[in-house]
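Heads up: the structure comes next, in structure tokens.
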Amino acid sequence: MRRLGHFAATLALAACASTAHALPQVFLVQNSGWMAPFYSDAASPFKPLVTALVGAVASPGDAVVLASFNQSLPGAPSPRALLSFKADATVKTRTAAALAALEVAHKPNSAALADTDLGEAVNAAIVTALAGKPGIVWLFTNNRNSPNNDQATATRNREFYTLIHQGGAIARALAFPLKMPVQDKHYRASGLMVYAFGVRPEGARELERLLATGRIQQVITEPPARLKPLDRDTVGLKPRKVEGAQGVTFSMGPGGVLRVDVDAALRAPTASIVWQLENRMYPYTISSAVLTASSHVGGENRPIALGATQVNDLAPGKSQPLPSTMTLPVKALPGNWSLAALQSAGAAYVLPGRIELNLSGQKLILSQAFRQRMAELFPGDPLPDIFTPPANIQASSAVLPLEVRVHYGMAPLLALGAAALALLGGAAAAATLYGRPRKAFVTVEGELRTMQGRAGTTQAIYDKAGQQVAQLKTTLFGHQLIDLREGAQVRLGR
């Protein structure tokens, strides 16, 4: 790897200048002998394509490295960095300038054109340039892998494909086959392949994000062919028809989340749902697979009864109906009088979950339409072999995010509010009653007296001689005589 030291150092310099959240991107541009017409044809759109793609996918602050590659030999290292910098407004200008001087490479001290080693270039980008850290590696090639001018390109392509599928560093791999007819006096080519490799899970997520933004599609309008992974997110589910679910409605929310709105009175709502099952594994046809499904909400896992448990000959991008019966696991939902329900009154209490669809015994075949396209773009080359699905991938899964949204009415909250108001009203009345002086009539030795007292007070009662003969105690409920002296002529009332 020592001969690639400059290649690694240039990326390290750019990476140091990048922002904390940006991921580096490495662009590998093939310049071996097989690529001669892409450089010599005056009408070749090859360099403009590379320039446009770099400009489209590199965000400000990203560490960008542009490098040429062929096959490394003593005195002729490969890959060779052409440009390394932090992306800014000049990214397209600088890329175009760096590519302008790039020509087809020759072997050291020879008129022979350089050979091609795709695996060496990708490994160098992952191991040396990225140092095994997350990032995205782009590869521009005519897909003829021929180290040491090996004519067994099918075998070399298979080795390259094995690197993609069995290399743990590559988490996601896409291929964009493009029509690009070019010709020189020795060789004519019809197509170009652009690969995109998401290195580590972070790189895979960034590659997915780029696809979602549409920035790649601004330059490359062809759909990406998926190379990896082939065992997850391979199919899509969308509800097409819902029956027998009074009090339950289904809708698709932002981010592809399935929203299920449920009436709070339903404790185990069941719905018959017809899904659209879509094959999202372009360019592969699902020749056959066994289907199972389950729902996972609030810690409850329940199987979903499917009307069909087998899928056959589902072409990429095509869909078929999939009937099902689904009982929503709502045991974990709060009761109408719970604090959570009262807090959600007039809104929705959201319980997140997911629906899982599993495909077992999966058999994939390359679609015939894709084979024909490859034959047109790369005539005479054994290119479809590189897309042969690995034999060990016989299962896949898809996850549909789910939100169960329970709508609680206002009645419990209103009842609780009325009770609280009544309690407050009673307390206020009691306080008023407690603080108001109350009149009492007391007869002492035949003399009628009028006394006043607040609740909770006690007053002394004296006879005509000035001696205390009793006490008057006032409460919320009236008056009473206490400490009555024996023989005293004292009574309440007239």
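The values are calculated or read from the model by the stated rules, or taken from the named source; none is laboratory data. Given the structure is predicted, the values throughout are model-derived calculations rather than measurements. Don't worry about glycine lacking a Cβ; one is built from the backbone with ideal geometry, like all the others, and counts go over all protein chains shown.
Scan the range 72-101 for residues that are basic (Lys, Arg) and closer than 17 Å to residue 47 by Cβ and jot them down. Before the answer, list the steps.
First, the residues of the range 72-101 that are basic (Lys, Arg): 80, 86, 92, 94.
Answer for the range 72-101, where residues must be basic (Lys, Arg) and closer than 17 Å to residue 47 by Cβ: 80, 92, 94.
Kindly provide the set of residues from the range 269-314 that are more than 24 Å from residue 229 (Cα to Cα), in contact (Cβ under 8 Å) with a residue 60 or more places away in the chain and buried (at least 18 other Cβ atoms within 10 Å of the Cβ), ordered by number.
Result: 269, 297.
Take the residues in the range 351-372 that are at pLDDT 85 or above, part of a strand (DSSP E or B) and aliphatic (A, V, I, L, M); name whichever of them is surrounded by the fewest Cβ atoms within 10 Å (Cβ to Cβ).
This residue is 365.
Go through the range 167-185 and give me each residue that's out of contact with any strand residue (DSSP E or B) (no Cβ under 9 Å at 6 or more places or on another chain) and closer than 22 Å to residue 49 by Cβ.
184
For (1) in a strand (DSSP E or B); (2) in contact (Cβ under 8 Å) with a residue 24 or more places away in the chain; (3) of a type in the set (Asp, Glu); (4) over 23 Å from residue 57 (Cβ atoms), each residue gets a yes or a no:
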{"residue": "160", "(1), (2), (3), (4)": "no, yes, no, no"}
{"residue": "168", "(1), (2), (3), (4)": "no, no, no, yes"}
{"residue": "177", "(1), (2), (3), (4)": "yes, yes, no, no"}
{"residue": "189", "(1), (2), (3), (4)": "yes, yes, no, yes"}
{"residue": "193", "(1), (2), (3), (4)": "yes, yes, no, no"}
{"residue": "206", "(1), (2), (3), (4)": "no, yes, yes, no"}
{"residue": "218", "(1), (2), (3), (4)": "no, yes, no, no"}
{"residue": "221", "(1), (2), (3), (4)": "no, no, no, no"}
{"residue": "241", "(1), (2), (3), (4)": "yes, yes, no, yes"}
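If you go through the range 211-227, how many residues are in contact with a helix residue (DSSP H, G or I) (Cβ under 6 Å, 6 or more places away or on another chain) and of a type in the set (Lys, Arg)?
The total comes to 1.
Please go through the range 187-209 and pick out each residue that is surrounded by fewer than 19 Cβ atoms within 10 Å (Cβ to Cβ) and either assigned by TED's automatic domain parsing to the domain that holds residue 282 or within 21 Å of the chain's Cα centre (by Cα) (or both).
Scanning the range 187-209 gives 201, 202, 205, 208, 209.
Restrict the check to the range 373-381 and report whether at least one residue is surrounded by 14 or more Cβ atoms within 10 Å (Cβ to Cβ), in contact with a helix residue (DSSP H, G or I) (Cβ under 6 Å, 6 or more places away or on another chain), modelled with pLDDT of 60 or more and more than 30 Å from residue 306 (Cβ to Cβ).
yes
A quick yes/no check of all residues on (1) farther than 22 Å from residue 119 by Cα; (2) touching a residue at least 24 places away in the same chain (Cβ under 8 Å); (3) touching a Pro at 6+ places or on another chain (Cβ under 8 Å):
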position: 57; (1), (2), (3): yes, yes, no
position: 60; (1), (2), (3): yes, yes, no
position: 70; (1), (2), (3): no, yes, no
position: 73; (1), (2), (3): no, yes, yes
position: 80; (1), (2), (3): no, yes, no
position: 87; (1), (2), (3): yes, yes, yes
position: 92; (1), (2), (3): yes, yes, no
position: 103; (1), (2), (3): no, yes, no
position: 107; (1), (2), (3): no, yes, no
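Exposed (fewer than 15 other Cβ atoms within 10 Å of the Cβ), touching a strand residue (DSSP E or B) at 6+ places or on another chain (Cβ under 7 Å), at pLDDT 75 or above and not assigned by TED's automatic domain parsing to the domain that holds residue 488, is that true of residue 404? Write out each step before concluding.
Details: exposed (fewer than 15 other Cβ atoms within 10 Å of the Cβ): no; touching a strand residue (DSSP E or B) at 6+ places or on another chain (Cβ under 7 Å): yes; at pLDDT 75 or above: yes; not assigned by TED's automatic domain parsing to the domain that holds residue 488: yes.
So residue 404 does not fit the description; no.
May I ask you to say which residue of 75, 61 is in contact with a strand residue (DSSP E or B) (Cβ under 7 Å, 6 or more places away or on another chain) and not hydrophobic (A, V, I, L, M, F, W, C)? Explain how you work it out, then say what you get.
Numbers: 75 fails: in contact with a strand residue (DSSP E or B) (Cβ under 7 Å, 6 or more places away or on another chain).
Being in contact with a strand residue (DSSP E or B) (Cβ under 7 Å, 6 or more places away or on another chain) and not hydrophobic (A, V, I, L, M, F, W, C) holds for just one of 75, 61, which is 61.
Would you check which residues across the range 224-246 are within 21 Å of residue 365 (Cβ to Cβ) and either among the charged types (D, E, K, R) or touching a Gly at 6+ places or on another chain (Cβ under 8 Å) (or both) and list them? Lay out the reasoning, then the answer.
Looking only at the range 224-246, we keep the residues that are within 21 Å of residue 365 (Cβ to Cβ), and these are 224-236.
Matches in the range 224-246: 226, 228, 231, 232, 233.
Given the conditions (1) surrounded by 15 or more Cβ atoms within 10 Å (Cβ to Cβ); (2) of a type outside the set (Asp, Glu); (3) assigned by TED's automatic domain parsing to the domain that holds residue 174, and given that residue 239 satisfies all but one, which numbered condition is not satisfied?
It fails just one condition, (3).
Looking at (1) touching a helix residue (DSSP H, G or I) at 6+ places or on another chain (Cβ under 9 Å); (2) at pLDDT below 90, find the lone condition where residue 172 falls short.
(2)
Looking at 81, 63, 52, 96, which is the one that is more than 19 Å from residue 193 (Cα to Cα) and at pLDDT 95 or above? Before you say what the answer is, go through the steps one by one.
On the way: 81 fails: at pLDDT 95 or above; 63 fails: at pLDDT 95 or above; 52 fails: more than 19 Å from residue 193 (Cα to Cα).
96 is the lone residue from the list that is more than 19 Å from residue 193 (Cα to Cα) and at pLDDT 95 or above.
Would you be able to say whether some residue in the range 383-397 is β-branched (Val, Ile, Thr) and at pLDDT 80 or above? Can you show your working first?
Going through the range 383-397, the residues β-branched (Val, Ile, Thr) turn out to be 386, 388, 393.
Narrowing further to those that are at pLDDT 80 or above: none.
No; the residues of the range 383-397 include none that is β-branched (Val, Ile, Thr) and at pLDDT 80 or above.
Here is a yes/no grid of residues against (1) in the same structural domain as residue 373 (by TED's automatic domain parsing); (2) at pLDDT 85 or above; (3) not polar (S, T, N, Q):
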{"site": "246", "(1), (2), (3)": "yes, no, no"}
{"site": "249", "(1), (2), (3)": "yes, no, no"}
{"site": "264", "(1), (2), (3)": "yes, no, yes"}
{"site": "273", "(1), (2), (3)": "yes, no, yes"}
{"site": "280", "(1), (2), (3)": "yes, yes, yes"}
{"site": "283", "(1), (2), (3)": "yes, yes, yes"}
{"site": "286", "(1), (2), (3)": "yes, yes, yes"}
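Go through the residues of the range 122-140 one by one and say whether even a single one is modelled with pLDDT of 85 or more and among the aromatic types (Phe, Trp, Tyr). Give the derivation first.
Going through the range 122-140, the residues modelled with pLDDT of 85 or more turn out to be 122-140.
Okay, now just the ones that are also among the aromatic types (Phe, Trp, Tyr), so 138, 140.
The answer is yes, given that some residue of the range 122-140 is modelled with pLDDT of 85 or more and among the aromatic types (Phe, Trp, Tyr).
Please pick out the residue among 317, 335 that is at pLDDT 70 or above, surrounded by fewer than 16 Cβ atoms within 10 Å (Cβ to Cβ), of a type outside the set (Val, Ile, Thr) and outside any strand (DSSP E or B). Walk me through how you get there before you give the answer.
Details: 335 fails: at pLDDT 70 or above.
317 is the lone residue from the list that is at pLDDT 70 or above, surrounded by fewer than 16 Cβ atoms within 10 Å (Cβ to Cβ), of a type outside the set (Val, Ile, Thr) and outside any strand (DSSP E or B).
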